[in-house]
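The next block holds one structure in the form of structure tokens; read it before the comments.
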């Protein structure tokens, strides 16, 4: 009877561990997919109608400095022509027009000229029927903004992404363990802060330096939202780990996990580095945003 009881307890523990990990993985993947899909550098999907046929196209919002960014239109009828229209962003420049040319595959292609790192352009597209001159406008009312960056080597980018994923996974697992007051929430809390430090404060600055020329653009040196949200998450976990050293405070770890989910649900690169075309300097955070909405 006693052996059956311990077998039953062991089975509950095994099942609990499985579900803890399962929920942690689901939360982590959901948060990262949401962040990716809502981020300002993710290609923008636009629907439009040409010759009575509904089309869907993805337009880039991120490009590499030193290389013109190709814009493609597929399934365009032969009696249509298209024009790419762009200008620097933010600016009041005159719009520049570049015609699309036909590809061997039958689609149309044009290209945005490359910009220095953190330089931005905004663009839209016009498709015209050469027979009746009817025009289809794509994103004219809300032009698509694209930001250029320097290429980042894989040896820096891949570990950064991998360690961020692991830190997020351990954070969610720790939060779940803490809510159920499991004995291992302290252990995984320490792993969380270690991986978060390596991802956000070692490989993160390296990636930032390659992409935009600065190691750190968050507090106190700037207002970059990506850097600052990493700092907020780290501080939250540092508090939780510190106060759980000699005592058992699972609610602190659960709160730190919630903070991590909130800050990493904020789209990546939002309010990030941006080249000021007038000064030639890269600025970060809310400053370029405020400048872009001012009427003067």
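The values are calculated or read from the model by the stated rules, or taken from the named source; none is laboratory data. Note that the coordinates shown come from a computational prediction; the quantities given were computed from them, not determined experimentally. Here the Cβ is made from the backbone with ideal geometry for all residues, glycine too, and neighbour counts use every protein chain on show.
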Practice problem: Test residue 193 against the criterion of being under 30 Å from residue 30 (Cα atoms), surrounded by fewer than 16 Cβ atoms within 10 Å (Cβ to Cβ), modelled with pLDDT of 90 or more and not assigned by TED's automatic domain parsing to the domain that holds residue 54, and give yes or no. | Solution: no
Quiz item: From the residues in the range 68-97 that are touching a residue at least 12 places away in the same chain (Cβ under 8 Å) and within 15 Å of residue 275 (Cβ to Cβ), which one is surrounded by the most Cβ atoms within 10 Å (Cβ to Cβ)?
Solution: 89
Exercise. Among the residues of the range 243-270, write down those that are under 18 Å from the mean Cα position of the chain (by Cα), modelled with pLDDT of 90 or more and surrounded by fewer than 19 Cβ atoms within 10 Å (Cβ to Cβ).
Key: 261
Quiz item: Do we find a residue being buried (at least 16 other Cβ atoms within 10 Å of the Cβ) and closer than 27 Å to residue 57 by Cα anywhere in the range 130-137?
Solution: yes
Self-check item: Tally of residues being modelled with pLDDT of 90 or more and within 23 Å of residue 275 (Cβ to Cβ) across the range 98-142
Solution: 16
Exercise. For residues that are within 16 Å of the chain's Cα centre (by Cα) and touching a residue at least 60 places away in the same chain (Cβ under 8 Å), scanning just the range 212-237, find the one that is surrounded by the fewest Cβ atoms within 10 Å (Cβ to Cβ).
Key: 225
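Here's the yes/no breakdown for (1) more than 25 Å from residue 154 (Cα to Cα); (2) in contact with a strand residue (DSSP E or B) (Cβ under 9 Å, 6 or more places away or on another chain):
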| site | (1), (2) |
| --- | --- |
| 207 | no, no |
| 210 | no, yes |
| 214 | no, yes |
| 221 | yes, no |
| 225 | no, no |
| 229 | no, no |
| 236 | yes, no |
| 239 | yes, no |
| 249 | yes, no |
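Condition check ((1) farther than 22 Å from residue 145 by Cβ; (2) out of contact with any strand residue (DSSP E or B) (no Cβ under 9 Å at 6 or more places or on another chain); (3) in contact (Cβ under 8 Å) with a residue 60 or more places away in the chain) across all residues:
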| position | (1), (2), (3) |
| --- | --- |
| 37 | no, yes, no |
| 41 | no, no, yes |
| 54 | yes, no, no |
| 61 | no, no, yes |
| 101 | yes, no, no |
